[in-house]
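Taken together, the values in this text are just the output of simple stated rules run on the coordinates, not laboratory data. In this text, all values refer to a predicted model and were calculated from it rather than measured experimentally. Cβ: placed from backbone, ideal geometry, glycine included. Neighbour counts: every protein chain shown.
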Amino acid sequence: MSVITKIQSPTIEIYAKKYSDVPKEVILKEDLLRQGLDLSPAALKAAANSRPQAYFLFSYNMSDHGDMDEGVSTSAPEDIIFRDGPYGLARTSVRVVLNKNSPYKIDVIDGDLKVCENGIAVADVDYPDKPSYYGKKLSDGLNYEQVIPLLYNSYAFITTFRACHYWGKKEECQFCDINYNLREVRRLSGDHVTADAIKNKDHVTEVIGAMADELDPAQRMITIIMTGGSILRPVQKGPDNAADFNIPYVEAIRERIGHRVPIVMITESQPMDRLRRMKEAGITTHNANLEVWDKDLFKTIAPGKEAYVGYDNWVRGLLDSVEVFGEGRVSPNMVSGVEMAQPWGFDNVKEAVASATEGFEYLMSHGVIPHLDTWCIEPGTRLADNPPVPLDFLIQANIAWYETWRKYKLPPFEGYGPMGSPGVAVYGNTGSVDMGG
């Protein structure tokens, strides 16, 4: 007797019926972010001329370097665009989250790159081209992209201080692998200069100048994002806070390229006097990442932020930031899905979404526009053993975010590019920016 094996329909098809008003692009994007993907040898070979993963802040991968096949973690593209395929998808940017055990894989089929789920092609794939300045060297031999990578062919991402003073189990954010990632990059490169924790200001200015001078519109830098770990004590006998540490970088950048391109600065919560100094220096957007709305979860998941600032002060600081920078220019990150982190988080989607929605309502009603980043469960974190966030949570949270954003007639959060119907946004860490239409 022969056995007939029923092939399950792709997730995008199943969830498109369940959430008929949600763009299919959002469904696939969130599933790729929550489960990651793998690359076939042919797909990896095809990535030879694309922008590779830069490991500029976090690993953003679900598989550790040593768990992946040789060459994958160093040759895989930083991000991709999926499009077309059997579902006629609009061009959608998404970060590449590597996971060798994912049901999703990029493969070459009949000469074309495809993203497949369990062997079934669901979309065509484009890799990001390298801009002209990739491979260009500074005086000390560093490549430009080792100083500032370009993300989504749009964002210059500057990690000025790529370590964090929130240290150890009692201080580090439980989902964060910033310090672990720095140790891993140093171990793999064997070069502390390449993986220096502090960026050289002159290097940053030189590279930003080249990025600003890029003539190809497909590689046009539309924003500068500056961030790093929290600073609690003097760095190299200098400032003991992130605002004063970063302002000289901002001033040098503004002197080199002017004020046309927005600068997003991500730091820990800052008092009003520092916020004003940051704006005067040329920062257009300030984000003090709240990470999660629920107060008890904040205390547990972000213990350093609770110990040094406190939840109430952090939220109050976000509202103060709007008074300085204005609506649309304060967009703290929320790690979408960490609401369900075990053993402390909600154990059902309904309650987790309700908590996230409560946060959207409060913050947006005060002009704060939180931006979502889908939680990537990285191996170097204390939450590494958690399963992927339920796709239902991510979709419902995106719906709640979008509806609240529309309700308060808020602008897009500045410095992350356009938002709207699928095919418009360039930000690849969440499907919420693709919810329009």
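Values for this structure:
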| quantity | calculated |
| --- | --- |
| Likely footprinting exposure, Ser336, Ser230, fewest C-beta neighbours within 10 Å first | Ser230, Ser336 |
| Neighbour net charge for Asn49 - beta-carbon separation under 11 angstrom, K R +1, D E -1 | +2 |
| Relative contact order for the chain, counting Cα pairs under 8 Å that sit 6 or more residues apart, in percent | 17 |
| Residue-averaged 222 nm ellipticity for the chain, from DSSP H runs of 4+ at -39500 (n - 2.57), nearest 500 | -10000 deg cm²/dmol |
| Charge context of Val368, other residues only, Cβ under 13 angstrom, K/R +1, D/E -1 | -3 |
| Cβ-based exposure ranking for Leu363, Leu138, Leu57, Leu32, in which fewest neighbours within 10 Å come first | Leu138, Leu57, Leu363, Leu32 |
| Exposure proxy order (Cβ contacts within 10 Å, fewest to most) of Ser421, Ser355 | Ser421, Ser355 |
| Cα pair count fraction exceeding 39 Å, expressed as % - the chain | 14 |
| Relative contact order for region 11-126, counting Cα pairs under 8 Å that sit 6 or more residues apart, in percent | 29 |
| Within region 330-437, trypsin sites (Lys or Arg not before Pro) in DSSP loop having at most 14 other beta-carbon neighbours inside 10 Å | Lys409 |
| Value of D in µm² per second that Stokes-Einstein yields for region 11-126, Kirkwood Rh from Cα pairs, at 25 °C (0.890 mPa s) | 172 |
